[in-house]
Amino acid sequence: MKVSFTMTDGKNIPVFSLIEFQNAVKRGTSLVGLDIGTKTVGLAVSDTLWMTATPLKTVFRKSFQYDLDCIAQQLKGRDIGAFVSGLPLQTDGTLGSQAQYTLEQAQKIADAFGKSVYFQDERYSSAAVERTMIDAYDMSRKKRKEKLDAGAAAFILQTFLDRIAV
């Protein structure tokens, strides 16, 4: 049985297994990590061996087209295989309104680039990244705001890369 999420416009988003992912996405490409919120989109990118995720940028959202333009600028010159978006599940593992919003936004972004999107549970990722920024780097609140979501996107993407490591 194939599992999918239904978006508010009725479109289904299929859920792929890791094996399906590995068979569908071309090796030697980079994966793009997304941490999608209502005010920002965090971006990260993997190396082409799918071993390491690196934060790119936190996009402060203005409009969907603006978001796409900023993402395109960051990805210019990269061979992108797919997107990996964090999925903010409830603590009990169910989908809430923020997860539904994320599903829809991630699919729209992936569609705009003609790529697939895969989802990674992102519960507590931003909190973990922020704690690291404070403890390990003694980063100011202003610097954290600029880098938090890109760091969370890298955390999400790295978690996904670790899951698919062969």
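With the simple model of a label 7 Å out from the Cα in the direction of the Cβ, Lys76 to Lys39 spans 2.8 nm.
Sort Arg78, Arg163 so that the residue with the fewest other Cβ atoms within 10 Å of its own Cβ comes first and the one with the most comes last. Before the final figure, lay out each step's value.
Working: Arg78 14, Arg163 11.
Ordered by Cβ neighbours within 10 Å, fewest first: Arg163, Arg78.
Please find the FRET efficiency linking Ala165 to Lys108, where r is the Cβ-Cβ separation and R0 is fixed at 22 Å, and quote it to the nearest 0.05. After rounding to 0.05, the efficiency reads 0.15. On full extension, the segment bounded by Ser63 and Asn23 gains 11.0 nm, given 0.36 nm per residue less the C-alpha separation.
Values quoted throughout were computed directly from the atomic coordinates according to the rules given, and no laboratory measurement underlies them. From a predicted model like this one, the values you see are computed outputs, not experimental measurements. Cβ: placed from backbone, ideal geometry, glycine included. Neighbour counts: every protein chain shown.
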